[in-house]
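One structure below.
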């Protein structure tokens, strides 16, 4: 359900995509062979959880660098402590102590670098393999990795998406884009009469050279909208300068007649409730509601007649 009048909205085809923070690509950090796959397509993955194990020669290099840096840091720390004791006993000069201190600082810095490099690559405790981990929590939506296959560094192995972390992308003409502004109310219509309230988040400044259209990004009002990446439909966006009224635009099939009055079925925590409305103008399968509903209400669309039939059936049963 969207706000505004029928003359004050832009209609555009739209698709659901994962938001930038809701999708992650898991790739190989080095050349190697996949020796273990711990997750299957559709499985739930936690942030930092290992999805697969890659055996790689580079893992040994990372591990060796870390071990070498650790040994150097240990030796430098021992040398510094020795020089400090000698200096405190007035046996050695200050410059010798300062030289040992500088050597320790350099060794510690090298150890931090080698440790960070090994951790970033996902070097396992055995020093021969790399762990492919997920940077976000979600579900495995793509899995191209095959057990035993040899992959090169940078190859995409998995994709993880966070349910509910989605956005709506719509292409509008240059003329329509000028009528829109961030923050505008919108409604996404999907097959089966499903409607989801959304808000216009941004309008991209670039124009597609082929379609001469501009992409606008919308955000669903509720996080648990039920939208999934890959779904498509159409979106109706309220245009700028059309504020000042309380009208709501809904699919005409959502409006039913009960006891001679126009009603819609509004979703609640326990199901749907009958809500009386005043209908304004109707056009192209859409209708304006002048009152009776609030912004963000989710109403039944194409299946509203089934709810009406169920309501009449229950009323008939009470009469008997």
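A few remarks follow.
- Here region 57-83 is the region considered, the condition is being surrounded by 15 or more Cβ atoms within 10 Å (Cβ to Cβ) and without any contact (Cβ under 8 Å) to a residue 40 or more places away in the chain, and the residue that is nearest to residue 34 (Cα to Cα) is 61.
- Meets criteria (exposed (fewer than 13 other Cβ atoms within 10 Å of the Cβ), within 30 Å of residue 207 (Cα to Cα) and outside the structural domain of residue 47 (by TED's automatic domain parsing)) for residue 88: no
Residue-wise test of (1) without any contact (Cβ under 8 Å) to a residue 40 or more places away in the chain; (2) over 27 Å from the mean Cα position of the chain (by Cα); (3) closer than 30 Å to residue 83 by Cβ.
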{"site": "100", "(1), (2), (3)": "yes, yes, yes"}
{"site": "108", "(1), (2), (3)": "yes, yes, yes"}
{"site": "114", "(1), (2), (3)": "no, yes, yes"}
{"site": "150", "(1), (2), (3)": "no, yes, no"}
{"site": "166", "(1), (2), (3)": "no, no, no"}
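Residue-wise test of (1) under 23 Å from residue 122 (Cβ atoms); (2) modelled with pLDDT under 90.
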| position | (1), (2) |
| --- | --- |
| 5 | no, yes |
| 15 | no, no |
| 20 | yes, yes |
| 25 | yes, no |
| 62 | yes, yes |
| 74 | no, no |
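- In region 27-45, residue surrounded by the most Cβ atoms within 10 Å (Cβ to Cβ) [restricted to those that are modelled with pLDDT of 90 or more and in a strand (DSSP E or B)]: 45
- Residue match in region 207-214 (condition: assigned by TED's automatic domain parsing to the domain that holds residue 301, over 21 Å from residue 42 (Cα atoms), in contact with a strand residue (DSSP E or B) (Cβ under 7 Å, 6 or more places away or on another chain) and without any contact (Cβ under 8 Å) to a residue 24 or more places away in the chain): no
- Complete set of residues in region 276-314 that are assigned to a loop (DSSP other than H, G, I, E, B) and within 20 Å of residue 222 (Cβ to Cβ): 293, 294, 295, 296, 297, 298, 300, 301, 303
- Residue 54 fulfils the conditions (1) surrounded by fewer than 18 Cβ atoms within 10 Å (Cβ to Cβ); (2) outside any helix (DSSP H, G or I); (3) within 44 Å of the chain's Cα centre (by Cα) except for a single criterion, (1).
- Any hit, region 96-107, residues being at positive phi, surrounded by fewer than 15 Cβ atoms within 10 Å (Cβ to Cβ) and out of contact with any helix residue (DSSP H, G or I) (no Cβ under 9 Å at 6 or more places or on another chain): no
- Residue list for region 134-189, filter: closer than 30 Å to residue 248 by Cα, in a loop (DSSP other than H, G, I, E, B) and touching a helix residue (DSSP H, G or I) at 6+ places or on another chain (Cβ under 8 Å): 164, 165
- When residues of region 190-206 are limited to those that are outside any strand (DSSP E or B) and touching a strand residue (DSSP E or B) at 6+ places or on another chain (Cβ under 9 Å), the one nearest to residue 230 (Cα to Cα): 191
The values are calculated or read from the model by the stated rules, or taken from the named source; none is laboratory data. Remember, predicted model here, so these are calculated numbers, not experimental data. Positions of Cβ are backbone-derived with ideal geometry, glycine not excepted, and every protein chain shown enters the neighbour counts.
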